[in-house]
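See below for the structure under consideration.
Laboratory data are not the source of any read-out in this text; all were calculated from the coordinates shown. The structure presented is a predicted model; accordingly, all values stated were derived computationally and were not measured. Every residue, glycine among them, receives a Cβ derived from its backbone with ideal geometry; neighbour counts consider all protein chains shown.
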Ligand code: HEM
């Protein structure tokens with residue numbers, strides 16, 4: 001009975017306020033691209049869900065203003081992106097969220113992202129984590145979760 005429930009969720013899920021509609025897809029935490037951690041020390045080092053949200057806000061602000069990659073974000077739904085990045089990090093860091101976005105391959109498939117773009121985004125993420133005073137060991141735990149997603153995000 002899981003499949004009909006998923007289909008219903010996809011068919012009837014309304015577009016959140018302020019966001020643009022996207023083509024239907026099957027919602028699953030597997031789309032987040034990494035297994036969640038369950039280490040309270042790690043979550044505390046990130047300053048919980050509020051800290052995660054601040055890091056994502058800084059990451060997006062830096063990236064849309066970054067001349068190396070700003071073109072990629074132009075004309076994209078940044079309201080949706082902000083919401084789903086927060087959900088994804090919250091899920092991966094074990095802060096109690098489900099991830100409701102698309103998988104990494106489908107979300108990035110038309111963006112033409114190159115290795116240099118990925119490196120620029122990771123630099124901005126490191127700056128955002130440093131601004132939140134996330135210790136290096138806790139930064140590295142998150143970066144290790146993101147590393148395998150490179151192959152789905154970067155175009156070959
Ligand atoms: C491991 C690295 C990355 C992660 C974890 C990640 C995560 C995400 C997530 C969760 C979404 C929303 C998915 C959805 O709309 O259903 C998304 C979309 C997007 N990402 Fe990434 N991303 C990564 C790398 C990048 C890079 C390197 C860039 C550009 C430099 C980028 C640009 C975008 C843009 C523009 C969208 C919006 C696409 C759309 O609305 O159609 N991402 N990403």
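What the table shows:
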{"quantity": "Residues of segment 121-156 with amide N under 16 Å of the 7 Å Cα→Cβ point at residue 115", "calculated": "121-123, 147-156"}
{"quantity": "For segment 42-97 versus segment 101-115, the gap between their alpha-carbon centres in whole angstrom", "calculated": "16 Å"}
{"quantity": "Ranking of 25, 91 by count of other Cβ atoms within 10 Å, fewest first", "calculated": "25, 91"}
{"quantity": "Length-normalised contact order of the chain in % [C-alpha pairs under 8 Å, at least 6 apart]", "calculated": "32 percent"}
{"quantity": "Equivalent ellipsoid semi-axes, the chain, via Cα gyration tensor eigenvalues times 5, rooted, Å", "calculated": "24, 20, 15"}
{"quantity": "Potential extension, residue 47-residue 14 segment - 0.36 nm per residue separation minus Cα distance", "calculated": "8.8 nm"}
{"quantity": "Pairwise label distance in nanometres, residue 79 with residue 35, each label 7 Å out on the Cα-Cβ vector", "calculated": "3.7 nm"}
{"quantity": "Taking only Cα atoms of segment 41-126, radius of gyration then Dmax in Å", "calculated": "13.2, 38"}
{"quantity": "Full-extension gain in nm, residue 151 to residue 57, via 0.36 nm per residue minus C-alpha separation", "calculated": "31.4 nm"}
